[in-house]
Amino acid sequence: MVELSLAAPPAAAAICCPVPQAAEAARGIAAVETRALGVTHAGRPLLRGIDLRVEDRRVLALVGPSGAGKTTLLSCLNRMIELAPGLRLKGEVLLFGESISRRDADAVRRQVGMLFQQPVLFPGSIADNALFGLRHAGLAPRRSLPERLERALGEAALWDEVKDRLHEPAASLSVGQQQRLCLARALAVEPRVLLLDEPTSALDPRSTEAIEERIREIAKSRAIVLVTHSLGQARRVADQLACLDRREGPGGPAGELFECGPCQERLERPQSPELARFLDSERA
Amino acid sequence: MRRWLGLGFLVASGLCALAVLAVLSIALAEIIGRGMPALDLAFFTRPSAGAGYEGGVLFEIAGTLILIGTALAASLPLAIGLALAATIYLPRPSLRRTALSALYSANAVPSVLIGIGGFVVFVHGFGWGKSWLGGGLLLGLMILPAEAVALIERIEALPRRYLDAAYGLGLSRGQVARSVVLRQSLGGLFSGALLGLARAAGETAPILFAAAVFSGAGIPRGLKESPVLALPYHIFVLAQDSFSPAGERHLWGAALVLLVLVASLSLIALPARLRAHEESRHG
């Protein structure tokens with residue numbers, strides 16, 4: 001069972017993007033903000049002292065090695081972590097200034113959409129899949145569904161490719177199209193924030209380019225957190241960069257944020273050896 | 001050495017399978033061989049007569065179908081509720097394991113105990129006397145654990161990514177249960193229900209106390225004191241009493257009809273079970 005508490009951050013916690021209160025007020029309310037966020041499993045820390053700020057209408061790229069806890073951090077932001085038994089959560093996550101622990105979990109997930117590594121299609125047609133959330137959560141009147149379908153598929157740049165075969169099985173699409181269909185499904189419920197968990201890792205370069213173009217477009221109206229292994233992708237689409245890696249600390253090694261700031265600037269002048277190593281390995 | 005051990009294991013397994021198949025084949029051949037001469041159109045369209053030695057088994061078939069239909073109607077909603085509670089609404093694995101253990105234990109309760117329980121509760125407690133409703137409810141209770149376990153196993157074989165994708169869209173547990181879990185587990189529910197019914201169709205003990213009589217009943221017209229005839233009870237009584245060739249012929253005919261009924265239910269369930277098995281293997 002997940003418990004959210006308002007415990008103060010530990011003194012030794014790694015603070016990423018620390019913002020003085022006056023400066024914070026000047027910047028306005030963040031789309032997503034975490035305060036001293038930590039996750040433990042059976043007493044073993046997985047994430048520690050995460051302070052992260054994601055601005056509205058911006059893309060934050062979250063990079064780091066496998067096993068650092070990037071997906072775990074994502075799942076804290078929309079309370080998906082509560083579906084995994086045995087994980088305990090400390091600290092606070094704010095969505096547009098309001099603590100998500102005080103809100104209904106389903107409502108939080110509708111506002112914070114998620115796209116997974118592999119496309120996940122439900123049995124049924126292209127239209128069934130795109131409208132899945134709207135239909136089954138009862139979010140839109142039936143007569144508005146055709147319009148919402150066109151809008152969502154349009155936002156995912158899929159409408160022109162599928163408008164003549166909306167009732168064909170979704171599984172007949174290519175993997176790249178399937179991932180854009182999943183993006184359309186997430187966008188159809190009109191989230192204010194979108195979490196993308198390595199959305200192009202299973203795609204070819206052309207499909208990757210299509211998704212990246214969509215990310216830049218969608219970010220004009222929403223905040224996006226993009227988990228990626230590719231610093232090149234972060235460079236192409238992200239405004240902000242945050243690096244996560246496992247570091248020794250109280251209770252054992254756990255994922256900590258160690259570099260956070262404007263993406264281009266951090267990639268040109270990394271301030272931590274971890275990011276410098278990451279950049280070197282990518283160049284190699 | 002390892003090769004010889006492997007070969008020995010293969011031969012032993014093959015012999016065991018052959019032994020089981022041989023016993024089953026002999027029993028089936030015996031029932032079919034002895035039952036076939038009794039089967040003609042009249043056997044299915046006429047009620048039994050003459051202490052069960054003559055006529056057909058029309059009302060025995062009708063009674064059996066009424067009982068298993070009632071059992072299905074009573075047990076299916078409960079099985080769905082139990083399976084959803086165990087898989088979707090009980091987040092703690094320990095609670096889930098406890099629920100599953102309880103269902104496996106319930107599945108092992110001897111049917112004669114269920115029959116006695118039904119006699120105490122329905123026949124005497126509720127004052128229903130012998131009634132098709134009491135018998136159907138008892139059979140439903142008997143097959144409920146098997147149905148729930150089949151559905152739970154099917155739900156647990158569902159790839160986790162479907163649930164995550166649905167929760168990620170903001171669907172509540174109930175909405176996920178309806179739109180993803182039940183929709184994709186219908187095969188498991190269907191096959192569990194049919195296998196349970198196949199078992200219920202052949203059970204004698206629960207209906208012996210609460211629902212079935214040997215003669216004098218047709219299609220029930222009420223709830224209380226409305227017994228039915230049933231194939232398993234008919235076979236049970238004839239097997240105990242029959243010494244005449246006519247009775248024996250009638251007995252084997254009824255046994256063959258019951259065998260075909262049970263085998264049909266199992267065979268209808270087979271494609272759904274195979275599909276569920278394949279899907280769980282390939283995710």
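The values are calculated or read from the model by the stated rules, or taken from the named source; none is laboratory data. This structure is a prediction, so every number in the text was calculated from the model and none was measured. Every residue, glycine among them, receives a Cβ derived from its backbone with ideal geometry; neighbour counts consider all protein chains shown. Surface areas here come from the heavy atoms of the whole protein model, side chains and all, with no ligands, DNA or RNA. Shrake-Rupley method; radii C 1.70, N 1.55, O 1.52, S 1.80 Å.
Among the listed residues A:186, A:157, identify the single one that is assigned to a loop (DSSP other than H, G, I, E, B) and either at pLDDT below 95 or out of contact with any Pro (no Cβ under 7 Å at 6 or more places or on another chain) (or both).
Testing whether each residue is assigned to a loop (DSSP other than H, G, I, E, B) and either at pLDDT below 95 or out of contact with any Pro (no Cβ under 7 Å at 6 or more places or on another chain) (or both) leaves just A:157.
Which residues, counting only those in segment A:141-152, are surrounded by fewer than 18 Cβ atoms within 10 Å (Cβ to Cβ) and hydrophobic (A, V, I, L, M, F, W, C)?
Scanning segment A:141-152 gives a single hit, A:145.
Limited to segment A:219-265, what total is found for residues that are in a helix (DSSP H, G or I) and surrounded by fewer than 24 Cβ atoms within 10 Å (Cβ to Cβ)?
Number of matching residues: 9.
Within segment A:199-211, can one find any residue that is part of a helix (DSSP H, G or I) and within 12 Å of another protein chain (Cβ to nearest Cβ)?
no
Across segment A:165-209, which residue is nearest to residue A:122 (Cα to Cα) among those that are hydrophobic (A, V, I, L, M, F, W, C) and open to solvent by 30 Å² or more (accessible area, probe 1.4 Å)?
In this case the residue turns out to be A:171.
Considering only residues that are under 17 Å from residue B:227 (Cβ atoms) and touching a strand residue (DSSP E or B) at 6+ places or on another chain (Cβ under 9 Å), which ones fall in segment B:33-67?
Answer for segment B:33-67, where residues must be under 17 Å from residue B:227 (Cβ atoms) and touching a strand residue (DSSP E or B) at 6+ places or on another chain (Cβ under 9 Å): B:47, B:48, B:57, B:58, B:59, B:60, B:62, B:63, B:64, B:66, B:67.
Going through segment B:111-136 one residue at a time, which ones are open to solvent by 70 Å² or more (accessible area, probe 1.4 Å) and touching a residue at least 40 places away in the same chain (Cβ under 8 Å)?
Within segment B:111-136, B:116, B:119 qualify.
Specify which of the listed residues (B:55, B:33, B:69) is surrounded by 13 or more Cβ atoms within 10 Å (Cβ to Cβ) and closer than 18 Å to residue B:261 by Cα.
Criteria check complete, one pass: B:69.
Which count do you get for residues in segment A:151-198 that are within 13 Å of chain B (Cβ to nearest Cβ) and at positive phi?
Residues in segment A:151-198 being within 13 Å of chain B (Cβ to nearest Cβ) and at positive phi: 1 in total.
Does residue B:83 qualify as being in contact with a strand residue (DSSP E or B) (Cβ under 9 Å, 6 or more places away or on another chain), of a type in the set (Gly, Ala, Ser), open to solvent by less than 50 Å² (accessible area, probe 1.4 Å) and at pLDDT 90 or above?
Answer is no for this residue.
Taking strands (runs of 3 or more DSSP E) that do not extend beyond segment A:28-125, which have at least 2 residues that are away from chain B (no Cβ under 13 Å), farther than 25 Å from residue A:185 by Cα and not aliphatic (A, V, I, L, M)?
Output list reads A:32-41, A:44-54, A:87-95.
Checking residue B:192 against (1) closer than 22 Å to residue B:29 by Cβ; (2) buried (at least 23 other Cβ atoms within 10 Å of the Cβ), only one condition comes out false. Which one?
Result: residue B:192 passes all but (1).
Only one of these is of a type in the set (Val, Ile, Thr) and over 25 Å from residue A:224 (Cα atoms): A:162, A:120, A:112. Name it.
On inspection, the qualifying residue turns out to be A:162.
Which of the numbered conditions does residue B:60 fail, given that it passes all the others? Conditions: (1) touching a Ser or Thr at 6+ places or on another chain (Cβ under 8 Å); (2) open to solvent by 70 Å² or more (accessible area, probe 1.4 Å); (3) within 26 Å of residue B:195 (Cβ to Cβ).
Tallying (1) touching a Ser or Thr at 6+ places or on another chain (Cβ under 8 Å); (2) open to solvent by 70 Å² or more (accessible area, probe 1.4 Å); (3) within 26 Å of residue B:195 (Cβ to Cβ), residue B:60 fails exactly one: (2).
Out of the residues in segment B:36-50 that are closer than 20 Å to residue B:262 by Cβ and part of a helix (DSSP H, G or I), state the one that is most open to solvent (accessible area, probe 1.4 Å).
By that ranking, first place goes to B:36.
Looking only at residues that are among the polar types (S, T, N, Q) and more than 18 Å from residue A:107 (Cβ to Cβ) in segment B:152-185, which one is farthest from the other protein chains (Cβ to nearest Cβ)?
Of everything passing the filter in segment B:152-185, B:185 is farthest from the other protein chains (Cβ to nearest Cβ).
Could you check how many residues of segment B:116-136 are out of contact with any Leu (no Cβ under 8 Å at 6 or more places or on another chain) and within 12 Å of residue B:207 (Cβ to Cβ)?
4
Pick out, from segment B:113-232, the helices (runs of 4 or more DSSP H) lying fully within it that include 1 or more residues that are within 24 Å of the chain's Cα centre (by Cα).
Passing ranges, in order: B:132-156, B:183-201, B:205-210.
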